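Asker: I am attaching a structure below and will ask some questions about it afterwards.
The values are calculated or read from the model by the stated rules, or taken from the named source; none is laboratory data. Remember, predicted model here, so these are calculated numbers, not experimental data. Please note: Cβ atoms are built from the backbone with ideal geometry, for glycine as well, and neighbour counts cover all protein chains shown.
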Amino acid sequence: MLAMNDDLLLLVADVRPTKAILAVVDLNGRFLDRTMVSIIADPKQGVDLIAEGMRHLQTHFPGKTWEGAGISLPGRINKRTQKLAWAPNLPWVGFDIRGTLQKALKIQVELENAANACLLSEVWFGHLEGIQNAVLITIAEGVGAAAIVNGQLMEGAEGLAGELGHVPVCDSGPRCACGQVGCWEMFASCRAALRYFHEEMKGKDAATIQELLNLEANGDSAARVALNWQAEWIGRGMRVVTAGFNPELILFVGDITLRWDAVGPIINAELTKRLVGGAQPRIAVISDGEAARLRGAAAVLLQRHISYRRTSATR
């Protein structure tokens, strides 16, 4: 019988525009400790806060060995420079996040886009067995995507593939952080749902998407209209997903999945209406988006370290 080494642990982080969720994970993907730190726009100070939080977590596990740290980010990583190359919602582009954390923590650090990390997690922990073509959509402050095509993660020439949130779905609307008008995430993201709730429905009691979801679940009509509006726009974007990737499975990650019984049928109806052709892909949800991003960061770290060791062993 094989057993995982209980003395070997991983540090992981799910970085968002205003906060980072940090955790300690074992080799089975189990969470042993978790905390949250607020971060700021300045990249050096923000990364230093993450490092400080990770060092604090390490003090809870004296005598353990640290395999490394995996970081999930809301942007695209240039595979050559290992720096953020595209991140409209996080002003850390070009800053050496990896090098700064490695210097502070004295362990190996791996970075990955949040959607890619989530999809790799599904592969690593065996949830996509037999699936060769899948797309994962993250619905959070923005909208991200990752795709496996013919069994291979699609990355593009510089790691920038998958920014479906910045594909235009309308010729008007609020200006996106990327500078354009009509981007999908300006209608399908959690920020968009909150904006619609406050500006169009005149709602006042929801400062976060969790509060909006709670209002909707408790029967607030304005919150329900806002979430239905968001779900419709998520569904409209499915035409881009199906036409571009022809997936057999579409996975959704994010807080909106907590009310999937209400929004899922709307998204499915839009998908059916806008399908280019062929069989309609199956839709599934990963209900704990925070855990998915953290496990994804762990999966990225493990995958790259094992690949490196195999490559080194053959030299």
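Asker: Looking at region 113-127 only, could you name the residues that are touching a helix residue (DSSP H, G or I) at 6+ places or on another chain (Cβ under 6 Å) and farther than 20 Å from R30 by Cβ?
Answerer: The one that is touching a helix residue (DSSP H, G or I) at 6+ places or on another chain (Cβ under 6 Å) and farther than 20 Å from R30 by Cβ: A114.
Asker: Test each condition in (1) part of a helix (DSSP H, G or I); (2) out of contact with any Gly (no Cβ under 9 Å at 6 or more places or on another chain); (3) crowded, with 18+ Cβ neighbours inside 10 Å; (4) small (G, A, S) for A69 and report the one that comes out false.
Answerer: (1)
Asker: Keeping to region 35-71, report how many residues are within 18 Å of the chain's Cα centre (by Cα) and either of a type in the set (A, V, I, L, M) or modelled with pLDDT under 95 (or both).
Answerer: 6
Asker: Let me ask another. If we scan region 35-52, do we find a residue that is in a strand (DSSP E or B) and of a type in the set (V, I, T)?
Answerer: yes
Asker: Please list, ordered by first then second residue, the pairs with beta carbon atoms under 8 Å, 6 or more apart or interchain, first in region 209-222 and closer than 12 Å to A193 by Cβ, second of a type in the set (D, E) and modelled with pLDDT under 95.
Answerer: Once the first residue is closer than 12 Å to A193 by Cβ and sits in region 209-222, its partners that are of a type in the set (D, E) and modelled with pLDDT under 95 give I209/D255; Q210/D255; E211/D205; L213/D255; L215/D205.
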